[in-house]
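To start, the structure itself, in structure tokens.
The values are calculated or read from the model by the stated rules, or taken from the named source; none is laboratory data. Every value quoted in this text rests on a predicted model; they were computed, and no experiment measured them. Virtual Cβ from ideal backbone geometry, glycine too; neighbours counted across all protein chains shown.
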Amino acid sequence: MLSVLFLLEIVSCNKSNTFKIFGEVPSRYATEGMKVYLSFDNDAPIDSTFIERGRFYFEGTYADSLSLRTAYITFESGSFDPLIIEKGNIYLRVPKYATGTPLNELFTHFRETLDSVRGVHHSNLYALREKGFAHEVGEKLLDSLYQEMQCEISKISIDFIAQHSNNLAGGLAFSELLRNSATILSTQEIDKLADILEPIINKNDVIKKQIERFKNRVNTSPGNKFVDFIGVNLTNEEVALSDYVGKGKYILLDFWASWCSSCRKVFPELLELQASQNPDKFQIVGVFVWDSREHLKKEYNTSPEAFPLIIDEMDNSTFTYGVHYLPEFILFDPKGNIVKRGLLDEGMKSLINKLVAD
């Protein structure tokens, strides 16, 4: 499932600020006759239309350059890449970025620059793996290459934000930075960027929440104490993270959803990992997020039923821990301190084996 934010400006009656969205969608993303929705801030849709011959169309007006709101153009199959509402014709050719108006062209160029940086670094990593060097150079070098890429992306983003702090392109670049640079930037650096974007952020509750989410991720990085949250279990009884964490075992928290294919692929590894450890010293706990319980029963038949499950449909857990992607894993020590977070890679599994064996 694709998920992406569309930043729009508040609707007004000023005809001079009319925008038109011309959308094109290949059949692999949305089928003929499928309904398309336009909505603000995850609220109820404010407009809708249907796909006809692979196309859709929206038209509206906006108030001024600072009347900013987050919105989505949503299909049954998900949402797509960001666009900025401004006067003129906006073209969204899924899955490409939006074009047609000055700010959309500007932001698209920014995103394509980041894509180019990622492409070069990913090619280098793939080359190492294909030549069999990945194991030889070790996880530390691979991590350093990844950090190098993130630093380059952060520098490009910060420069772009500084140059465009008075418009939504800068605000949208800031949103991207918040989602992707929790391990690179400090809260102080984020606060400095937020200060220069203050007029934009003051009009945008979504960016405000992203800043909070970013800070939550920093505050739940390795070395920090766990932060509790509450959900329910399979029998709809209230259950808290503190029912498991800080109780004398190493706990591996697994954030997952039914629509996440990568989450499902890792289930066999989780079963194997749990079976290989002393159950008195190690336990995996699943957290079901960004999904509906109606999808859970079918999916849980293929997931590790031996693992305790916390169901969180309210985004409490992912907001508290600043989770931006699935699956994500967080390892806690027996006292409830965060040891490591990220993917279930060889580094994570090796660390678990070492800690539990000691």
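Of all residues in region 224-238, those that are touching a residue at least 60 places away in the same chain (Cβ under 8 Å), of a type in the set (Val, Ile, Thr) and farther than 15 Å from THR320 by Cβ total 1.
On the stretch given as region 277-289, residues that are of a type in the set (D, E, K, R) and crowded, with 20+ Cβ neighbours inside 10 Å total 0.
Report yes if ILE184 is among the β-branched types (Val, Ile, Thr), modelled with pLDDT of 85 or more and assigned by the TED database to the domain that holds GLU212, otherwise no. The answer is no for ILE184. Within region 1-29, the set of residues being modelled with pLDDT of 80 or more and of a type in the set (Gly, Ala, Ser) comprises GLY23, SER27. For region 254-271, the criterion of being more than 23 Å from the chain's Cα centre (by Cα), in a helix (DSSP H, G or I) and of a type in the set (A, V, I, L, M) is met by at least one residue. Look at PHE58 and say whether it is over 20 Å from ARG111 (Cβ atoms), modelled with pLDDT under 75 and surrounded by 16 or more Cβ atoms within 10 Å (Cβ to Cβ). Considered against the rule, which asks whether it is over 20 Å from ARG111 (Cβ atoms), modelled with pLDDT under 75 and surrounded by 16 or more Cβ atoms within 10 Å (Cβ to Cβ), PHE58 comes out as no. Residue count for region 178-206 satisfying the condition of being closer than 12 Å to ILE161 by Cβ, of a type in the set (A, V, I, L, M) and in a helix (DSSP H, G or I): 7.
The residues of region 250-276 that are of a type in the set (S, T, N, Q) and either modelled with pLDDT of 95 or more or surrounded by fewer than 20 Cβ atoms within 10 Å (Cβ to Cβ) (or both), listed by number, are SER261, SER262, GLN274, SER276. For region 319-356, give me the residue count where each residue is among the acidic types (Asp, Glu) and within 15 Å of the chain's Cα centre (by Cα). Residues that pass the stated criteria total 1. When region 286-335 is filtered for residues that are at pLDDT 90 or above, out of contact with any strand residue (DSSP E or B) (no Cβ under 6 Å at 6 or more places or on another chain) and under 25 Å from ASP358 (Cβ atoms), the ones remaining, listed by number, are PRO334, LYS335. Return the residue satisfying two criteria in turn: it lies in region 244-293 and is in contact (Cβ under 8 Å) with a residue 24 or more places away in the chain and charged (D, E, K, R), and of such residues it is farthest from LEU331 (Cα to Cα). Restricting to residues being in contact (Cβ under 8 Å) with a residue 24 or more places away in the chain and charged (D, E, K, R), the top hit is ASP291.
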